[in-house]
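The numbers here are math on the coordinates, done by the rules we state, and not lab data. Everything quoted here is computed from the prediction, not taken from an experiment. Glycine gets a Cβ as well: all are built from the backbone with ideal geometry, and neighbour counts include every protein chain shown.
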Amino acid sequence: MVEVGRDHLRAEVVGVERLSPRVVRITFGGPELAGFGGGGAPDEWFRLVVPPSTGRGGAAEPDGVDPRRRAEEVGRWYTVRRWDADAALLTVDLVLHGRGVAASWAGSAAVGDTAWVGQPRGAYVPPPPGVPVVLAGDLTSLPALTRIVASLPGTTPTRVLVEVGGADDEQPLDGPADLEVSWLRNPRFGRAESLLPAALRELLPGRSDPRTCRYWMAGEATAARLVRHHLRHELRVPDGHHHAVGYWRLDGEEWNRRFAESGIDIGAIWNAGQRTGRTQEEIVDDIHARLVEAGL
Ligand SMILES: Cc1cc2nc3c(=O)[nH]c(=O)nc-3n(C[C@H](O)[C@H](O)[C@H](O)COP(=O)(O)OP(=O)(O)OC[C@H]3O[C@@H](n4cnc5c(N)ncnc54)[C@H](O)[C@@H]3O)c2cc1C
């Protein structure tokens, strides 16, 4: 067990708002949150540690162990939807996907409950002035998308694709003057393959020169891999101009079982790639190829 608790701050639930049947907005406060370092890159994320299963309001697990000592095991990544430094309030939008420690906790969270938050970090690189941006994501990355769009210079031509469960998940996005947002409604969101890779394929050929754009995508892990592959190999978008990241995995337990059976050793692929002088992006390609070969 890895103990990483010391930098985790105790956070009290001070607000709960159901944004849609699939998303709950939780606001955290409390004295320790004054030490939270939010307000950085617009995709900034942090580790949220919640008491397991029935832990409503719990400061400790039934065995008396402070859950923050188990952050590595029970912690989950979430995006800072809003950080109000003056009031020391942290707002997070959590998808209620029906399984998992965090989603289950979020589904019944109430004012007065306790959780723990790690320090945030972000990675989004803003585009050079005037360069068009294509952003894609789903409900889990809508908090980051919203903040990224709001952070862009007013002159950035911006195209956004968001996969949601239904019209009730849609939220207004404010950003550059030239902003076009498409909502992909997927009634089977979270239970079936993501619509984003196919939707991006349809969208991109329509652009004058897709290679000049900057791309950011986050969502289901296999979808992110497919999007990255499409951007890098079919559209030949230069490295550093595209960033696709898996935020969650569809049917993770089954995928993990099949991955274990495949015998693929990601560490060994990295080491072999580094030894033979392949770039990081080329090594990611090698891993993708092995996963595709194994039907993963
Ligand atoms: C950088 C980053 C930022 C993120 N920001 C957010 C955010 O702001 N809001 C948000 O809701 N999520 C966000 N996520 C995704 C979130 O971390 C995962 O969905 C996480 O798995 C949820 O934990 P859990 O305990 O509910 O489920 P887990 O215990 O991790 O998973 C249980 C099972 O549920 C399934 N599952 C997990 N997530 C989903 C899902 N979203 N839909 C359908 N099935 C799922 C998987 O099959 C998994 O095997 C982010 C992830 C990353 C990496």
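Observations on the model:
- Full extension of the chain between residue 202 and residue 125 yields a length gain of 25.2 nm, computed as 0.36 nm times the residue separation minus the alpha carbon distance.
- Cα gyration tensor shape of the stretch 133-250, rounded if a/c is under 1.5, else prolate or oblate by comparing a/b with b/c: oblate
- Difference of contour (0.36 nm per residue) and Cα-Cα distance, residue 234 to residue 282: 15.8 nm
- Dipole in debye (nearest 20) - the chain, about Cα centre, beta carbon charges: Lys, Arg +1; Asp, Glu -1: 220
- Cβ-based exposure ranking for 241, 97, 233, in which fewest neighbours within 10 Å come first: 233, 241, 97
- For the chain, calculated [θ]222 nm from helices alone, where every DSSP H run of n ≥ 4 adds -39500 (n - 2.57): -7000 deg cm²/dmol
- Least to most buried among 214, 191, 185 (fewest other Cβ within 10 Å first): 191, 185, 214
- Calculated on the Cα set of the chain, radius of gyration then Dmax: 19.7, 60 Å.
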